[in-house]
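To start, the structure itself, in structure tokens.
Just so you know, all these numbers are worked out from the coordinates, no wet-lab data involved. Remember, predicted model here, so these are calculated numbers, not experimental data. With ideal geometry, Cβ positions are generated from the backbone for all residues, glycine too; neighbour counts draw on all protein chains shown.
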Amino acid sequence: MSNRYFIGAAIAVLALGAVAPHVVSNGYVFYAGFIALQYVVIATAWNILGGYAGFVNFGSGAFVGVGVYSAVFLFNALHAPLWTQLLGAAFVGALMGLGMGYLTLRIQGVYFSIGTLALTTVVSTVIVNWGFVGAARGATVMAPAPTFWFHDVVSYVFFAMLVMAVLSVAIARWIERSWIGRGLAAIRADGDAAECAGVPTLKLKLLAATISGALLATAGAPYPYYASYVEPDAAFSINYALNALAMPLIGGTRNWTGPVIGALLLSGVEQAATVTIPSEINLLIVGLVLIGFVALAPDGLLGLASQATAWTRRR
Amino acid sequence: MSETILAVRDLSKRFGPVTAVNGVTLEVARGEKLGIIGPNGSGKTTLINCVTGVLRPDRGAVIFEGRNISGLPAYRRARLGIARSFQIPRPFVGISVLENVRVPLDYVNRPHHDGKRAYELLLLVGLQGRADHPAESLTHLELRKLELARALAAAPRLLIADEVMAGLAESEIDELLETLFALSDGGVTIIMIEHIMHAIMRFSRRLVCMETGRVIADGPPQDVGKDPEVRRVYFGK
């Protein structure tokens, strides 16, 4: 897809999202759409570090949760508007990504993964004991009604999440096609050889961790307005960590379309499943699908598709 | 003799109980064609790893163009003009052959370049037909060519070719030697590590032989080839 088509498509998607509240009367569309878009942001953000650079982050829940609680804090402290909450969350998420990366990425990738696993516990423990943001009993956030264009809060946060999704995908796509993407691919393949080709591997890894952390946090920031009640268990849910990993792996990690496909598929299946089956079984299904893909199709659906085209061409 | 481009001073590197490089001192003049030979495990590659920054030596210094670079990370040394190929090819899998060559162009050479220069380099090593293929689809031989193209992309002033000829046919060795001679004529200093004796004898104007981490002979190729110590190491007597 050329740049011109991509920009055209991005503007069209944003325009549709802006017009939708005046055309679509069914509120469920925005309610479910918000989750789908949140998944797109999470999958895309995770893939910048996990897919392009090959550093697996098990702690997406910590980043999303920090985004949720940055928004709660800014709302409680300053009655900050949604866009300020998003910026604040991005800033805190970026700092956390940078700090986590600096502590662990200098050594082997596996330490980063282990570190991120522990991070969720550390951050959620802090929140559980912090009264100002509601501690363990949770926080109620009564969002003010939107003042213009949007009729209600849900369609407003839906649009905010749509902006974040388009922005995340645009950033991921730009990284993938630029010198940064080539550098990250070189790191994923062989760190020493990348260094000898002039790639500042640590700096680049930290950059990827920072961008990934910032975007993951913005996926959480609109959640308090959306749900109007948040509690630590939901904000730091293991679901985020598992889904963040599963979506790019199902879709394919080498290309920005992979995480988007994975996110839309998973959120679609989840929406269908939550109506019919309990959520524990839902988690089980995601786990099994993930194992299946890792074992049978490590390059995801995109990998399967390119294999299929290569196969038919050979016939 | 012209100015020194690379000086290695009393360099040592240990791996546990094994001393891979043991107090090596070596000077390389600008524009020189230096060959390094020695049996497997004699410390050639470890020496190169210390020069390029992949490994940190336990002792000693590496001076490049008059500057002590011992403390610099590998990517900074690459940017100063030291490029290498790896003994066992280490392609950037997951991206295309052309993109592999674009990495050093991006990071060493110019931040702003188009794909053209990368394509020229593929043409130089004869990989133009594989430009859009993923790096992991190349044959062993093509991977060696890719290693060289990637090293050349950095437009180095010092090129270290670590066994680039292994496994190549005679005609390909000739081709590769021609490329290296042309580079040398262009002013690039070249250090060649090689087991293929006739190639290294033809290429180098000076030969160094290493054994158990030490330099045991250093001089014109013919003399080093006749050195009794070198013959003992290579042929057992």
Can you tell me the relative contact order of chain A? Whole percent, Cα pairs under 8 Å, sequence separation 6 or more.
31 percent
Assuming R0 = 51 Å, what is the FRET efficiency of B:ASP58 and A:TYR28, from their Cβ-Cβ distance, to the nearest 0.05?
0.15
I'd like the distance between the alpha-carbon centres of the stretch B:139-203 and the stretch A:147-196, rounded to an integer number of Å.
41 Å
Could you grab the relative contact order for the stretch A:203-289? Cα pairs under 8 Å, six or more apart, rounded to a whole percent.
16 percent
Diffing the stretch B:73-90: the Karplus 3J(HN,Hα) column from phi (6.51, -1.76, 1.60, θ = phi - 60°), in whole Hz with x for Gly and Pro, holds x, 4, 5, 5, 5, 4, 5, 6, x, 9, 10, 9, 10, 8, 4, 9, x, 10
Residue by residue through the stretch A:256-264, what is 3J(HN,Hα) from phi via Karplus (6.51 cos²θ - 1.76 cosθ + 1.60, θ = phi - 60°)? Round to whole Hz and write x for glycine and proline.
4, 6, x, x, 5, 4, x, 5, 5
Which aspartates and glutamates, if any, have their Cα less than 12 Å from the Cα of B:LYS44, not counting same-chain residues under 8 positions apart?
B:ASP162, B:GLU163, B:GLU194, B:GLU211
So which aspartates and glutamates pass the test for B:LYS13, namely a Cα distance under 13 Å, with those fewer than 8 places away in the same chain ruled out?
B:ASP58
Amide proton proximity set for B:LEU207, modelled H, under 5 Å, gap of 5+:
B:GLY35, B:GLY219
Calculated from DSSP H runs of 4 or more alone, at -39500 (n - 2.57) each and per residue, what is the 222 nm mean residue ellipticity of the protein assembly as shown, nearest 500?
-19000 deg cm²/dmol
Roughly what % antiparallel, to the nearest 5, for the DSSP beta bridges in the protein assembly as shown?
60 percent
Scoring chain B by relative contact order with C-alpha pairs under 8 Å, at least six apart, yields a percentage of 26 percent
If amide H atoms are modeled at 1.01 Å from N in the peptide plane, then the residues at a separation of 5 or more from B:ILE5, or on another chain, having amide H under 5 Å from its own are B:VAL28, B:ALA29, B:ARG30
Report the gain in length on full extension from A:PHE91 to A:VAL128: 0.36 nm times residue separation, minus Cα-Cα distance, nm rounded to one decimal.
11.2 nm
Nearest 20 debye, what's the magnitude of the dipole of the protein assembly as shown about its Cα centre given +1 on Lys and Arg Cβ and -1 on Asp and Glu Cβ?
680 debye
Across the stretch B:188-197, in residue order, what do the Karplus-derived ³J(HN,Hα) couplings come to in whole Hz, using 6.51 cos²θ - 1.76 cosθ + 1.60 with θ = phi - 60° and x for Gly and Pro?
7, 7, 10, 10, 10, 9, 7, 9, 7, 4
Using a Förster distance of 25 Å, the FRET efficiency for A:ILE285-A:LEU117 (Cβ separation, nearest 0.05):
0.65
Amide H partners (placed H, <5 Å) of B:ARG59, local residues excluded:
B:SER12
